[in-house]
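Here the structure comes first, spelled out in structure tokens, and everything after it is commentary.
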Amino acid sequence: MSESEVGAQHRYTFWIWWAVVAFVWLLLSGLTVTTSSIGAFGVATDSEVSGLVAGTPKTIRGDEFARNTPLLLGVMESGSTNFVTPLTNQPFLTTGIPSTNVVEMAIFPERALLRLGPILPDGAAFSFVFWFPVACTLLFLPYVLVAWGARFSHAVAGTLLVVLSPSAAWWSWGPLTSIAPGLLASATVIAGVRYGGRSTWLVRILLTLVAGAALARVPWSYFPWSLPLSGSIFAVSIAVLVCTRGKAKVTLVLAGCAAAISIAATAVVLITNSVAFTALSETVYPGARRASGEALEWSFVFGAPFLGVLQDQPQLVNYNPSELSSSWNIAIVVWVLAAVTAWVNLDRVGRAHVVTVGFILLVGYSWVLIDWPIQLGESIPGLNLIEPNRMTAIIGILAVASTSVLLASVRARVWVAACGAVAVSVILVPTGLDMSREVIPSMTVSNTVIPVVIVAVIVLLVLSPSPRAVYIGLVLSVVGATAIVYKVGPIQHGLGALRNGEAAMAIANEVDASVGTEDPYWAADGVQLGSLLAANGVPAVSGEAWTGPSELWLALDPSGQYEPEWNRAVSVVQFSWDDSLADPVIKSPQPDLVVISVSPCDPALKKLQIGHIISSRELSSACLTPAGVTEWSGLNAYLYQLQ
């Protein structure tokens with residue numbers, strides 16, 4: 001698409017679109033509405049306390065409601081990350097929560113605002129950050145796709161399909177968090193290249209600074225997703241701009257400067273977080289993990305059209321909905337047919353888009369459909385950090401986005417559309433049958449047949465020679481995608497019992513009563529109790545060990561005999577109270593969980609400055625003074641002062 005088309009034809013359309021998206025974002029923030037599953041703690045039946053408006057919280061989304069959300073709320077409550085367990089390091093590298101480092105705050109400005117939580121309305125601030133990745137996708141992806149060559153309506157449809165991907169819904173917008181840096185960097189470089197008004201180079205400098213800061217987010221936005229997603233979006237954008245007549249030089253200058261800024265910012269982050277980075281890279285989990293391409297079952301690759309049944313939480317065999325969810329990977333069929341039929345109509349820019357995307361899709365799909373030689377796969381930097389089941393969650397996002405661009409140039413005949421419908425049916429029929437036999441036994445015949453028919457009809461329409469049929473197909477695809485994911489997340493108002501419940505109030509009162517004591521830390525014997533402490537900004541030795549172990553583990557394990565158990569990151573640390581133990585015993589029953597079995601009276605707890613413990617069962621240790629009892633997540637929670 002020519003510069004004049006982007007600059008004039010779509011200018012006002014984009015301004016209207018951006019205004020609508022921004023308004024809805026701010027409205028949801030002001031109303032403190034999210035799709036968080038914090039109601040899964042199930043401690044409040046009063047709707048005014050629970051805040052549950054509609055839907056059912058999903059317990060499988062523990063990464064969101066029990067880990068990430070409590071961290072965000074804790075930062076808002078305390079204004080810092082000092083409440084995080086001292087058994088780990090500053091959490092920025094794995095959470096994107098800035099410390100007082102100016103560079104970190106420039107990279108994640110929306111999360112830096114959380115530090116103002118003590119003077120901001122908590123619910124609104126949390127909602128604003130919660131919707132940030134969704135808003136970024138809706139704001140910038142259409143603009144980027146139009147710059148690649150899409151029609152505005154096609155770009156909006158492609159964007160909505162990306163947002164409505166099952167993997168985005170079941171991973172609490174995780175893939176959108178990972179694609180946001182690439183979208184923001186691409187959009188700002190595109191705007192800088194196309195800008196021709198007053199103070200051209202001043203504007204370009206400012207946009208390049210934003211692009212550099214955006215690219216610097218990539219390593220800290222879940223790298224196994226952010227590298228392929230943000231990297232692909234930015235690479236395609238640069239390829240398109242370089243091939244645009246008269247724009248190669250300015251594109252390379254702006255992109256090069258943005259990359260340099262990103263590298264410099266990343267270097268600063270690594271230097272200031274060197275201890276955390278070293279600890280993280282040397283962990284047993286996840287630092288030592290390396291992956292190679294693997295031929296996965298088609299259920300995991302092409303199963304997205306059948307995943308609507310997961311909204312009713314059926315019994316699954318050996319898997320959970322998040323791990324089973326994928327993006328619209330079946331779109332590769334449409335992409336191939338669209339690319340082949342559109343090729344003769346594409347100019348140099350369009351062909352640059354097809355070649356670049358085609359190479360990325362070739363690598364991505366081969367990573368999940370072919371058994372790569374393990375030694376080869378595990379030796380490819382970057383790619384070896386992406387497990388095949390993580391690739392299935394995102395590769396279809398690029399296929400859908402790119403297809404929405406190609407539709408403007410497709411001159412397909414009816415037989416091409418028919419071939420596409422047959423091809424998707426040939427793939428989806430065995431996929432659905434396999435899912436019903438091996439993964440979701442409760443799937444009915446209609447659960448298997450109807451998605452195949454709908455997808456085949458959509459393919460017939462979007463590859464049709466009729467523009468009207470194409471629009472109908474896009475609308476039908478968005479409606480179908482909505483039907484598959486609309487019940488995944490509940491409608492949640494406010495912060496629920498994590499902040500407003502009886503247990504939160506009891507802990508807050510005890511914390512206030514013990515201000516100024518020499519032992520400010522708490523310790524809990526359950527994940528749910530750890531989430532409660534974190535959400536209220538209570539300093540705790542239990543909780544999330546985000547960025548690898550600190551030296552304080554030696555207070556519990558002086559000889560280091562349990563190092564393989566506690567040398568972990570992005571893992572939960574919890575206690576198990578046992579008066580019979582003379583020394584702490586540390587085990588890791590699963591890769592992201594560390595359990596410390598210890599007597600409440602063990603001197604090691606005092607070395608860690610633990611002054612309170614909270615237990616899911618009543619304790620009678622001589623060193624404990626009862627401080628109250630409350631209820632949390634369906635269980636009694638006993639509070640004790642440690643003498």
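Annotation for segment 202-266: trypsin sites (Lys or Arg not before Pro) lying in DSSP loop with at most 10 further Cβ atoms inside 10 Å of their Cβ are ARG245.
With each label modelled as a point 7 angstrom along the Cα→C-beta vector, the ILE263-THR13 pair spans 3.8 nm.
Between THR100 and ARG468, the simple spin-label model (points 7 angstrom out along Cα→Cβ) gives 6.7 nm.
Straightening the chain between LEU593 and TYR319 buys 96.8 nm, computed as 0.36 nm per residue apart minus the Cα-Cα spacing. A Förster radius of 45 Å, combined with the Cβ-Cβ distance separating VAL475 from PHE359, puts the computed FRET efficiency at roughly 0.90.
Once the 1.4 Å probe is applied to the protein heavy atoms, the chain comes out at 40 Å² accessible per residue. Among the cysteines of the chain, CYS136, CYS243, CYS257, CYS419 have no other cysteine beta carbon within less than 4.7 Å of their own.
Expressed as a rounded percentage, what relative contact order does the chain have, with Cα pairs under 8 Å and six or more residues apart? Write down the numbers at each step before the final one.
Details: 1218 pairs, mean separation 128.7, N = 643.
Relative contact order for the chain comes out at 20 percent.
Please go through segment 315-382 and write out the chymotrypsin sites (Phe, Trp or Tyr not before Pro) that DSSP classes as loop and that have at most 16 other C-beta atoms within 10 Å. Kindly include the intermediate steps, with their values, before the conclusion.
Working: sites: TYR319, TRP328, TRP335, TRP343, PHE359, TYR365, TRP367; in loops: TYR319, TRP328.
Sparse-neighbourhood loop chymotrypsin sites (Phe, Trp or Tyr not before Pro): TYR319.
Among complete DSSP H helices in the chain, those whose alpha-carbon atoms stretch at least 18 Å along the helix's long axis and whose mean Kyte-Doolittle hydropathy reaches 1.0 are 11-30, 132-148, 174-194, 200-215, 223-242, 248-272, 348-369, 414-434, 445-462, 467-485. Is the shape of the chain best called rounded, prolate or oblate, per the rule: a/c under 1.5 gives rounded, else a/b larger than b/c gives prolate, else oblate, with a ≥ b ≥ c the square roots of the Cα gyration tensor eigenvalues? Prolate, since a/c reaches 1.5 and a/b exceeds b/c. Rounded to 0.05, the FRET efficiency of the ASP63 and THR482 pair, given R0 = 22 Å and the Cβ-Cβ distance, is 0.40. Need one number: nm distance between label points at TRP343 and SER199, each 7 Å from Cα along Cα→Cβ, rounded to one decimal. Result: 4.8 nm between the two label points.
Length available on full extension from THR272 to ARG351: 0.36 nm per residue minus the Cα-Cα distance, which gives 24.2 nm. Would you mind classifying segment 126-221 by shape? Square roots of the alpha carbon gyration tensor eigenvalues, ordered a ≥ b ≥ c; an a/c under 1.5 is rounded, otherwise it is prolate if a/b is larger than b/c and oblate if not. It comes out oblate by the Cα gyration axes. Subtracting the Cα-Cα distance of GLN375 and VAL24 from their residue separation scaled by 0.36 nm leaves 121.5 nm.
Taking 29 Å as the straight-line reach from the Cα of LYS487, the lysines in range (excluding those fewer than 8 positions away in the same chain) are LYS58.
Indicate the gyration tensor shape class of segment 486-594 (rounded, prolate or oblate), computed on the Cα atoms with a ≥ b ≥ c the square roots of the eigenvalues: a/c under 1.5 is rounded; otherwise a/b larger than b/c is prolate and the rest oblate. Here segment 486-594 falls in the oblate category.
Tally the DSSP beta bridges in segment 493-618 and give the antiparallel ones as a percent, rounded to 5.
Antiparallel bridges make up about 40 percent of those DSSP assigns within segment 493-618.
Atom-type composition of the exposed protein surface of the chain places 64 percent of the accessible area on carbon and sulfur (1.4 angstrom probe). Segment 423-464 and segment 311-362 have Cα centres separated by 16 Å.
Scan segment 560-643 for GluC sites (Glu not before Pro) in coil per DSSP, keeping those whose Cβ has at most 12 other Cβ atoms within 10 Å, and list them by number. Intermediate values should be presented prior to the final figure.
Details: sites: GLU565, GLU618, GLU631; in loops: GLU618.
Of the GluC sites (Glu not before Pro), the ones in loops of segment 560-643 whose Cβ has at most 12 other Cβ atoms within 10 Å are GLU618.
The values are calculated or read from the model by the stated rules, or taken from the named source; none is laboratory data. All figures in this text were calculated on a predicted structure; none of them were measured in a lab. All Cβ positions, even for glycine, are placed from backbone atoms using ideal geometry, and neighbour counts span all protein chains on display. With ligands, DNA and RNA removed, areas are computed over all heavy atoms of the protein, side chains included. Shrake-Rupley method; radii C 1.70, N 1.55, O 1.52, S 1.80 Å.
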